[in-house]
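A short worksheet on the structure shown next.
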Amino acid sequence: MKKRIGIIGGGQLGLMIAQEAHRLDASVVVMDPSADAPAFAEADAKIVGAFDDLKALERLGESSDVITYEFENIPGEVLRHIESKYDIPQGIAPLFDSQDRLREKDNARLHGLPTPEYAALPVRMGALAASAAEPMTEEEAAALSPQERLVQLASAVGRMGKPCVLKTRKFGYDGHGQAVIRDFKDIEKAADLLAVPCILEEMVDFDFEASVIMVSDGQDIIHFPLARNVHRDGILDLSIVPASGLQRNGEENGTCRRIVSACESFMRSCGYRGILAIELFIKGDDFLFNEMAPRPHNSGHYTIEGCTTSQYRELCHFLLGMPLTRPELVAPTVMKNILGQDLDAAKRIVAESLRGAGPGIEVSSPEDVDNAFCGEAGRGVFVHLYGKTQSRPRRKMGHVTFVPMTPEKYYSEWASRFV
Ligand code: AMP
């Protein structure tokens, strides 16, 4: 009988896990709150249910041999309940550790990864001047007056120095729940965020951002070639591989080897298994941990066509108890995220490649291209549209991987086609 993989979360990551699981002859059950979740299109069975719906999670558990997750914010008590009953090969520790930015950074430091300076906010009154002040609970933060929030933030910014970044500890993603503080006006604007527990971070003047994606079977750890990531408005825009600044003559340079070694020992020391992505800030030869995700990562989409094996395949290898394979880069690669505002441009690329493709393929304009297109649109241009029914600016609708592609060529020949 086929092994059954249950996936909590039916977004694009779940979709691509499911596609790979099928290639490896496994079957897939997906659970998601929205009836039109992208991964349902690829699933053998679907369960519509909220992430804190224990009955729905139990149904997922009963119809799966192993469970994985592609969504991070599953409530802790729910996680503990399903962990005790079902096989979650990654465990829930990495998920729990990544759900709170304070816990995540404390944990990174504890296990040897340097981080930017940070401080929890708001803190218990009377402790404002102390260096290791007690963070407030959610209830205490909610009870603060606007004036108290302002005082807390202004004094913490005074200690941290400007510029700095205020982030909510939970449920933040793609720049949501974040405010950059450069002057007093920004403090006034950002203070409302302190209605929930936050973290204040120094603003890092990095040279560039990078990510490492690792998969561990508990003994060996493989890692994918590091991506150099370009963000726009807090959202990943491009992943470029190989990452200039981290390689030399086609090999990982000293900085890159130190990063990989630190990230692998972090993973070992935490006892994590399965997939783990770590985002980093790079400055000269130094690196700082920004955040981690125990699931396939947006910056690893490039591995589908850019590497000999992908992050999705290796996660499935792990889940199915199959040996991991070590990825090699096929050729220089650029991955472009397609947000709502880029969707028409991506469809135009598909339409152009299909024009004159032959009878039965009646695609002549972008409007004819389905929101769920997945295929090669011209040589070395791999378009993945996730099939989301609603498009809006800043929503991740798809991605395009160009391989072979250098950043120079991408910027001169392709960048102008997108918004
Ligand atoms: P995050 O959700 O924390 O990954 O933040 C989204 C993006 O905001 C990051 O990828 C960076 O481009 C930027 N950012 C976040 N935190 C900092 C920081 N402490 N210093 C500089 N840039 C930051």
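Within segment 235-258, if we keep just the residues that are in contact (Cβ under 8 Å) with a residue 60 or more places away in the chain and open to solvent by 40 Å² or more (accessible area, probe 1.4 Å), the residue that is nearest to the ligand (Cβ to nearest atom) turns out to be Ser244.
Just so you know, in segment 90-121 the residues that are small (Gly, Ala, Ser) and not in a helix (DSSP H, G or I) include one that is farthest from the ligand (Cβ to nearest atom), and it is Gly91. Out of Ala50, Ala108, Ala41, Ala21, which single residue is in contact (Cβ under 8 Å) with a residue 60 or more places away in the chain and under 30 Å from Met136 (Cβ atoms)? Testing whether each residue is in contact (Cβ under 8 Å) with a residue 60 or more places away in the chain and under 30 Å from Met136 (Cβ atoms) leaves just Ala108. Considering segment 225-234, and only residues there that are surrounded by 21 or more Cβ atoms within 10 Å (Cβ to Cβ) and assigned to a strand (DSSP E or B), the residue that is nearest to the ligand (Cβ to nearest atom) turns out to be Asn229. Taking the criterion of being open to solvent by 20 Å² or more (accessible area, probe 1.4 Å), away from the ligand (no atom under 16 Å from the Cβ) and touching a residue at least 60 places away in the same chain (Cβ under 8 Å), the residues of segment 263-286 that qualify are Ser265, Ser269, Cys270, Gly271, Arg273. Only one entry of Ile7, Ile67, Ile88 meets the criterion of being within 23 Å of the chain's Cα centre (by Cα) and open to solvent by 10 Å² or more (accessible area, probe 1.4 Å), and that entry is Ile88. Scan segment 156-175 for residues that are within 23 Å of Asn73 (Cβ to Cβ), open to solvent by 20 Å² or more (accessible area, probe 1.4 Å) and more than 8 Å from the ligand (Cβ to nearest atom) and the total you get is 3. Is it true that Arg268 is basic (Lys, Arg) and assigned to a loop (DSSP other than H, G, I, E, B)? Here the answer is no, as Arg268 does not meet what is asked. Counting the residues of segment 177-191 that are in contact (Cβ under 8 Å) with a residue 40 or more places away in the chain and either in contact with a strand residue (DSSP E or B) (Cβ under 8 Å, 6 or more places away or on another chain) or within 16 Å of the ligand (Cβ to nearest atom) (or both) gives 1. Of the numbered criteria (1) within 21 Å of Gln247 (Cβ to Cβ); (2) within 16 Å of the ligand (Cβ to nearest atom); (3) of a type in the set (D, E, K, R), the one Glu305 fails is (2). Candidates in segment 324-356 are the residues that are open to solvent by 10 Å² or more (accessible area, probe 1.4 Å) and among the polar types (S, T, N, Q); of these, the one that is nearest to Arg394 (Cα to Cα) is Gln341. Applying the set (1) open to solvent by less than 30 Å² (accessible area, probe 1.4 Å); (2) in a loop (DSSP other than H, G, I, E, B); (3) closer than 28 Å to Ala93 by Cβ to Phe289 leaves exactly one unmet item: (2). Scan Thr325, Thr309 and give me the residue that is hydroxyl-bearing (Ser, Thr, Tyr) and without any contact (Cβ under 8 Å) to a residue 24 or more places away in the chain. None of the others qualify; the one that does is Thr309.
When restricted to residues that are at negative phi and either open to solvent by 30 Å² or more (accessible area, probe 1.4 Å) or within 12 Å of the ligand (Cβ to nearest atom) (or both), segment 199-224 contains 17.
The values are calculated or read from the model by the stated rules, or taken from the named source; none is laboratory data. Computed from a predicted model, the values in this text were never measured in an experiment. We place every Cβ from the backbone using ideal geometry, glycine too, and count neighbours over all the protein chains shown. Calculation scope for accessible area: heavy atoms of the full protein, side chains included, ligands and nucleic acids excluded. Shrake-Rupley method; radii C 1.70, N 1.55, O 1.52, S 1.80 Å.
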